[in-house]
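J.: Shown below is the structure under consideration.
The values are calculated or read from the model by the stated rules, or taken from the named source; none is laboratory data. Since this is a predicted model, take the numbers as computed values, not measurements. Glycine gets a Cβ as well: all are built from the backbone with ideal geometry, and neighbour counts include every protein chain shown.
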Amino acid sequence: MMKNKSNAGIPKGFLFSVAEAAIKKPGRKDIALIYSAVEANMAGAFTSNRVKAAPVRLDIEKISSGKGQAIIINSGNANACTGKKGMEDAGETALLVARNLEIKPSLVYVCSTGVIGTPMPMERIRPVVANLPANLGKSNLDKVAAAIMTTDTFPKIVKKKVKIKNKTGIIAGICKGAGMICPNMATMLCFIITDIAVNKATLNRAIRDSVKKSFNRITIDGDMSTNDTTLIMANGMLGNHELKESSASYKTFKKALDEITCELAMLVVKDGEGATKLIEIEVKGAASEKAAEKAAFAVANSSLVKTAIYGNDANWGRIMAALGYSGIDFFENKAAIQLGSIRVTERGTGTGKDIEASKYLKNNKEIKILINLNSGKASAKVLTCDLSEEYVRVNADYRT
């Protein structure tokens, strides 16, 4: 297995392979393999949709072991709502990879993304999957990030160096996602790899907490996928003592992990289907964090709010209406709303600065909405994007 110079800055012991299986249509790499030279500690988080794709169900069974060594990913077909045959296809894919890597099938995780309800074209996938291990090291993480895209317009990659005592480890993450984005989790696939040794239980708690603060705080269209998966592999090849939450270096590791998931989540929202603006909604002064989050998501998922921002219309009435139906204890005569630094409402009524606020929307691609409920001390932030005609076009043509 040869090494690729373009993999500089990648955690020790990880190799990659990509190929074309023409799963949805020919002309692009649509299948990828991530492999660790040694068995790794593994943790993950998955969609809470009751309709789960076959590979998600397979991976949920495997993740309880806390161990893994390879991840095989395809784009173009979700292998969801495909019944018994879908489970057989996911299992066969893992078996093929394991056989060619000479590792246990239980160490191979399968992830899919794409069209729901279409059987996997296994006649095209089998020979490609069988050859992927032989080509390990001839590709890089950038190509893996590109191969897993569906309606994404760019690959999403974030890397961080982490000082662990006298050693420097690396955490690298990739993800895909641009539509069907709504918790829990946001609709996407995310793969994080590190050469830092981390205790299994600690790794599990760390990734779940990071997902909660990042991928579970974004929304593009209010639709939750059947395939959402975040997996993290820690192979320990840095040679450090295995990190636990009580370890001196754990906070440094966790901070870097949180930064990676938050930056990837922001890239997902920036790449929202048809999006022209990134929108941060912060709700403060809430009675509880749960109430703040609920209020923020009500605003973030409002098609009326999102289209108003796309049209550069500071229609704060739509924000107020969303807060009113959010389900929290809401008192409009206490609430204040800001667009950027411009206060558009005070105690539930307008301040007469709508024209100024509309100019703010027109002149900025990154919009901040600050809502003070003045009912407590808790707060929460949610990221979303605007809603344009292009979103309709992309999704109307998704299966063609």
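J.: Any residue in segment 68-75 that is free of Cβ contacts under 8 Å to residues at least 40 places away in the same chain, buried (at least 19 other Cβ atoms within 10 Å of the Cβ) and under 15 Å from residue 129 (Cβ atoms)?
T.: Yes: one or more hits.
J.: In segment 11-31, which residue that is assigned to a loop (DSSP other than H, G, I, E, B) and in contact with a strand residue (DSSP E or B) (Cβ under 6 Å, 6 or more places away or on another chain) is modelled with the lowest pLDDT? Quick ask: steps written out before the conclusion?
T.: To start, the set of residues in segment 11-31 that are assigned to a loop (DSSP other than H, G, I, E, B) comprises 11-13, 20-30.
Then drop every residue that is not in contact with a strand residue (DSSP E or B) (Cβ under 6 Å, 6 or more places away or on another chain), which leaves 11, 13, 21, 23-24, 29-30.
Working: 11: 98, 13: 97, 21: 94, 23: 93, 24: 89, 29: 95, 30: 94.
The extreme case among them is 24.
J.: Closer than 20 Å to residue 194 by Cα and in the same structural domain as residue 174 (by TED's automatic domain parsing) - does that describe any residue in segment 110-131?
T.: Residues of segment 110-131 closer than 20 Å to residue 194 by Cα: 110-111.
Now narrow it down to the ones that are in the same structural domain as residue 174 (by TED's automatic domain parsing): 110-111.
Looking for residues that are closer than 20 Å to residue 194 by Cα and in the same structural domain as residue 174 (by TED's automatic domain parsing), one finds at least one in segment 110-131, hence yes.
J.: Additional query: What strands (runs of 3 or more DSSP E) lie completely within segment 257-346 and have 3 or more residues being not β-branched (Val, Ile, Thr)? Steps first, answer last, please.
T.: Details: elements: 278-286, 336-339, 342-346.
Where strands (runs of 3 or more DSSP E) fall fully within segment 257-346 and carry at least 3 residues being not β-branched (Val, Ile, Thr), they are 278-286, 336-339.
J.: Go through (1) over 29 Å from the mean Cα position of the chain (by Cα); (2) closer than 22 Å to residue 289 by Cβ and name the single condition residue 356 misses.
T.: Result: residue 356 passes all but (2).
J.: Name the residue, out of 153, 93, 113, that is farther than 15 Å from residue 31 by Cα, of a type outside the set (A, V, I, L, M) and out of contact with any Gly (no Cβ under 7 Å at 6 or more places or on another chain). Let's see the steps before the verdict.
T.: Working: 93 fails: farther than 15 Å from residue 31 by Cα; 113 fails: farther than 15 Å from residue 31 by Cα.
Just a single option satisfies the conditions, and that option is 153.
J.: Can we say residue 25 is surrounded by fewer than 14 Cβ atoms within 10 Å (Cβ to Cβ) and on the phi < 0 side of the Ramachandran plot? Quick ask: steps written out before the conclusion?
T.: Working: surrounded by fewer than 14 Cβ atoms within 10 Å (Cβ to Cβ): yes; on the phi < 0 side of the Ramachandran plot: yes.
Yes; evaluated as a whole, the condition is true for this residue.
J.: Just one of (1) farther than 12 Å from residue 232 by Cα; (2) touching a helix residue (DSSP H, G or I) at 6+ places or on another chain (Cβ under 7 Å) trips up residue 60, so point out which.
T.: Tallying (1) farther than 12 Å from residue 232 by Cα; (2) touching a helix residue (DSSP H, G or I) at 6+ places or on another chain (Cβ under 7 Å), residue 60 fails exactly one: (2).
J.: Taking segment 90-108 as the search range and keeping residues that are farther than 14 Å from residue 68 by Cα and out of contact with any strand residue (DSSP E or B) (no Cβ under 6 Å at 6 or more places or on another chain), which one is surrounded by the fewest Cβ atoms within 10 Å (Cβ to Cβ)?
T.: So in segment 90-108, the residues farther than 14 Å from residue 68 by Cα come out as 90-93, 96, 99-100.
Checking which are out of contact with any strand residue (DSSP E or B) (no Cβ under 6 Å at 6 or more places or on another chain) leaves us with 91-92, 96, 99-100.
Working: 91: 16, 92: 17, 96: 23, 99: 14, 100: 17.
So the residue we want is 99.
J.: Now a separate question. Going through 259, 245 one at a time, which residue ends up being surrounded by 16 or more Cβ atoms within 10 Å (Cβ to Cβ), at pLDDT 95 or above and in the same structural domain as residue 42 (by TED's automatic domain parsing)?
T.: Numbers: 245 fails: surrounded by 16 or more Cβ atoms within 10 Å (Cβ to Cβ).
Within the list 259, 245, the selection yields 259.
J.: Give the residues of segment 365-376 that are in contact with a Gly (Cβ under 9 Å, 6 or more places away or on another chain) and within 13 Å of residue 310 (Cβ to Cβ), sorted by residue number. Even if it seems obvious, please write down each step before you answer.
T.: Looking only at segment 365-376, we keep the residues that are in contact with a Gly (Cβ under 9 Å, 6 or more places away or on another chain), and these are 367-376.
Within segment 365-376, 367 is the sole residue that qualifies.
J.: Which of the residues spanning segment 297-344 are polar (S, T, N, Q) and either farther than 14 Å from residue 358 by Cα or not assigned by TED's automatic domain parsing to the domain that holds residue 282 (or both)?
T.: Narrowing segment 297-344 to residues polar (S, T, N, Q): 301-303, 307, 312, 315, 326, 333, 338, 341.
Across segment 297-344, the qualifying residues are 301, 302, 303, 326, 333.
J.: Being under 17 Å from residue 101 (Cα atoms) and free of Cβ contacts under 8 Å to residues at least 60 places away in the same chain is the filter here, so list the residues in segment 111-133 that pass it. Don't jump to the end; show me each part of the working.
T.: We begin by selecting, within segment 111-133, every residue under 17 Å from residue 101 (Cα atoms); these are 125-133.
Correct list: 126, 127, 130.
J.: Here's a follow-up. Would you please name the residue that is farthest from residue 296 (Cα to Cα), looking only at residues in segment 359-385 that are of a type in the set (Gly, Ala, Ser) and under 24 Å from the mean Cα position of the chain (by Cα)? Break it down into steps so the answer makes sense when it comes.
T.: The first filter runs over segment 359-385 and keeps only residues of a type in the set (Gly, Ala, Ser), leaving 375-376, 378-380.
Cutting the leftovers down to under 24 Å from the mean Cα position of the chain (by Cα) gives us 379-380.
Values: 379: 9, 380: 7 Å.
Checking each candidate, the answer is 379.
J.: I've got another one for you. State whether the residues of segment 234-252 include one that is within 23 Å of residue 67 (Cβ to Cβ), part of a helix (DSSP H, G or I) and in contact (Cβ under 8 Å) with a residue 40 or more places away in the chain. Full working, then the answer.
T.: Looking only at segment 234-252, we keep the residues that are within 23 Å of residue 67 (Cβ to Cβ), and these are 234-247, 249-250.
Subsequent filtering for residues that are part of a helix (DSSP H, G or I) retains 250.
Subsequent filtering for residues that are in contact (Cβ under 8 Å) with a residue 40 or more places away in the chain retains 250.
Yes, segment 234-252 contains at least one residue that is within 23 Å of residue 67 (Cβ to Cβ), part of a helix (DSSP H, G or I) and in contact (Cβ under 8 Å) with a residue 40 or more places away in the chain.
J.: Going residue by residue through segment 135-147, is there one that turns out to be more than 30 Å from residue 198 (Cα to Cα), touching a Leu at 6+ places or on another chain (Cβ under 7 Å) and not in a strand (DSSP E or B)?
T.: no
J.: Next up: With in contact with a helix residue (DSSP H, G or I) (Cβ under 7 Å, 6 or more places away or on another chain) and touching a residue at least 24 places away in the same chain (Cβ under 8 Å) as the only criterion, which of 291, 322, 296, 275 stands out? Can you show your working first?
T.: Details: 291 fails: in contact with a helix residue (DSSP H, G or I) (Cβ under 7 Å, 6 or more places away or on another chain); 296 fails: in contact with a helix residue (DSSP H, G or I) (Cβ under 7 Å, 6 or more places away or on another chain); 275 fails: in contact with a helix residue (DSSP H, G or I) (Cβ under 7 Å, 6 or more places away or on another chain).
Result of the check over 291, 322, 296, 275: 322.
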